[in-house]
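Working notes, beginning with the structure itself.
The values are calculated or read from the model by the stated rules, or taken from the named source; none is laboratory data. Computed from a predicted model, the values in this text were never measured in an experiment. Cβ atoms come from the backbone with ideal geometry, glycine included; neighbour counts cover every protein chain shown. Keep in mind that these areas ignore ligands, DNA and RNA; they rest on the heavy atoms of the full protein, side chains included. Shrake-Rupley method; radii C 1.70, N 1.55, O 1.52, S 1.80 Å.
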Amino acid sequence: MSETLFAKIIQELEERRDDLRPSDIPFFPEPLRSAVNFVIRLGRFNLTEFHEKMPQFARAEAQRIADLLVQRKLFDVSPHFSTESEPAYEARLSAMTRPLSRPPSDIWKKIE
């Protein structure tokens, strides 16, 4: 079963000629949809973390999927955190909706 699911995922990603957008993620087949949602929330992740979310695939298959997602500009390879044995990625999408910053110290005076 995992071979046909893997082949379906690879075929869908290879057939795409344009970059992936956030609106494309809900249409990914499971378990890819859940894995991508998880790693986007992490922001930076390695191949092991990505593979753990798709245990029905071999590690090499998970890496092939991640490489296609890099080609479709959903992930970037992180040069600072990658090693030869453990590639690291950064999600180009962010789960944050706004930057976190401290309100000014005189905020209550401005509100009154």
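Quick notes on this structure:
- Within the range 34-71, being open to solvent by 30 Å² or more (accessible area, probe 1.4 Å) and under 26 Å from Arg17 (Cβ atoms) holds for Ser34, Asn37, Ala60, Glu61, Gln63, Arg64, Asp67, Val70, Gln71.
- Residues of the range 1-33 classified as part of a helix (DSSP H, G or I), open to solvent by 60 Å² or more (accessible area, probe 1.4 Å) and at pLDDT 85 or above, total: 9
- Breaking point among (1) out of contact with any strand residue (DSSP E or B) (no Cβ under 7 Å at 6 or more places or on another chain); (2) at negative phi, for Lys73: (2)
- Exactly one residue out of Pro87, Pro79 is at pLDDT 90 or above and within 22 Å of Asp19 (Cβ to Cβ), and it is Pro87.
- Count of residues meeting criterion [at pLDDT 90 or above and either touching a strand residue (DSSP E or B) at 6+ places or on another chain (Cβ under 9 Å) or more than 18 Å from Glu86 (Cα to Cα) (or both)] in the range 39-48: 3
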